[in-house]
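A.B. asks: My structure is below; once you've seen it, I'll send some questions.
The values are calculated or read from the model by the stated rules, or taken from the named source; none is laboratory data. Everything quoted here is computed from the prediction, not taken from an experiment. As a convention, Cβ positions derive from the backbone with ideal geometry for all residues, glycine included, and neighbour counts pool all protein chains shown.
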Amino acid sequence: MKLLEKDSVSWVMNDLSKKYYSLKVKKSDPFISIIILNWNRKHLLEKTLNSLVNNIPFKHEVIVLDNASTDGASEYIDDWCKKRKKCRAILLKENIGGEAINIALKEVTGDYIFISENDLEYSDDWLINLLSRREYPKSFKTGDEAN
């Protein structure tokens with residue numbers, strides 16, 4: 001999981017493999033931009049999307065990208081986003097892999113950017129716990145090093 005500050009997007013777009021991200025402390029409630037990339041995982045994506053939006057206590061937007069899925073995920077994403085005003089679907093005609101995230105990064109409007117996998121189930125306090133790490137230390141670890 002990655003939570004990135006919008007001002008650092010140009011840096012992140014050049015190297016998404018970095019393990020550390022610096023975050024500035026903001027005193028007001030943040031507006032969160034959430035990006036989810038999908039490819040042929042409709043059965044997992046349904047649970048991810050529903051648990052995600054049911055457990056976000058802040059203003060947010062969700063951008064769901066589909067990498068030309070053939071399992072019905074594109075249709076599901078399109079329908080799911082049409083029912084929610086805070087969601088945008090980006091349905092690609094070909095699978096371009098992780099580079100698709102760069103397309104969504106150009107669209108975000110939030111103070112912070114959260115890039116999610118499409119096979120996670122979110123608890124009710126996931127975002128509070130993640131945001132609480134932004135104050136101390138000033139950077140936090142992601143992926144395998146996040147302990």
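A.B. asks: Take the conditions assigned to a helix (DSSP H, G or I) and at pLDDT 95 or above and apply them to S74. Does it pass? Lay out the reasoning, then the answer.
C.D. replies: Numbers: assigned to a helix (DSSP H, G or I): yes; at pLDDT 95 or above: yes.
In short, yes.
A.B. asks: Same structure again: Please list, ordered by first then second residue, the pairs with beta carbon atoms under 7 Å, 6 or more apart or interchain, first in segment 44-61 and part of a strand (DSSP E or B), second among the aromatic types (F, W, Y).
C.D. replies: H60/F31
A.B. asks: Under 6 Å between Cβ atoms, which residue pairs at least 6 apart in sequence (or on different chains) link something in segment 73-98 that is in contact (Cβ under 8 Å) with a residue 40 or more places away in the chain with a partner that is surrounded by fewer than 17 Cβ atoms within 10 Å (Cβ to Cβ) and not in a helix (DSSP H, G or I)?
C.D. replies: If the second residue must be surrounded by fewer than 17 Cβ atoms within 10 Å (Cβ to Cβ) and not in a helix (DSSP H, G or I), the pairs left are N95/A68.
A.B. asks: Hey, among N95, N118, N38, which residue is among the polar types (S, T, N, Q), modelled with pLDDT of 95 or more and crowded, with 18+ Cβ neighbours inside 10 Å? Even if it seems obvious, please write down each step before you answer.
C.D. replies: Details: N95 fails: crowded, with 18+ Cβ neighbours inside 10 Å; N118 fails: modelled with pLDDT of 95 or more.
The match here is N38.
A.B. asks: Sticking with this one: Out of the residues in segment 47-90 that are of a type in the set (D, E) and out of contact with any helix residue (DSSP H, G or I) (no Cβ under 7 Å at 6 or more places or on another chain), which is surrounded by the fewest Cβ atoms within 10 Å (Cβ to Cβ)? Steps first, answer last, please.
C.D. replies: We begin by selecting, within segment 47-90, every residue of a type in the set (D, E); these are 61, 66, 71, 75, 78-79.
Checking which are out of contact with any helix residue (DSSP H, G or I) (no Cβ under 7 Å at 6 or more places or on another chain) leaves us with 61, 75, 78-79.
Working: E61: 18, E75: 14, D78: 13, D79: 10.
Within segment 47-90, the match that is surrounded by the fewest Cβ atoms within 10 Å (Cβ to Cβ) is D79.
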